[in-house]
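Note sheet for the following structure.
A short reminder: the numbers here are calculations on the coordinates, not readings from a lab. Computed from a predicted model, the values in this text were never measured in an experiment. Because the Cβ atoms are built from the backbone with ideal geometry, glycine has one as well, and the counts that use them run over all protein chains shown.
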């Protein structure tokens, strides 16, 4: 991954960080041809100069077995719309690595919108887990008097 500027998270006037997200992708022979999204399509989208194409590639990457790694890498994209899509995708995946990344974004992304979405995503994950635990503790519903 090529970091071409000062440390920071995302884009902005202070501590701007530009990351080559496409450099995160390992197109090894063991990953080619697996189910869920074409590595070539995702790679091409993540490497695109168009932020809309990068955001679409982030959404497609989630269907790939290696996708979470790529989505986490997109959190360092200079465009906030790409980071926003990465946050939403990680919240849907709700996996430990992605949740840790969401926490980092919630605490420090330069975009208030991206930070808010990360907090909301973490909240949705916690709510889903909490309600799932409550249902498990309650047991099956009782029928009859």
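What order do you get for 41, 109 when you list them from fewest to most C-beta neighbours inside 10 Å?
Going from least to most buried by this count: 41, 109.
Checking the a/c ratio against 1.5 first, then a/b against b/c, what shape does the Cα gyration tensor give for the range 43-145?
Details: a/c = 3.18, a/b = 2.11, b/c = 1.51.
Prolate, since a/c reaches 1.5 and a/b exceeds b/c.
Note the full-extension length gain between residue 131 and residue 92 as 0.36 nm times their separation in residues minus their Cα-Cα distance, in nm to one decimal. Walk me through the numbers on the way to the answer.
Values: separation 39, 0.36 × 39 = 14.04 nm, distance 1.63 nm.
That works out to 12.4 nm of additional length.
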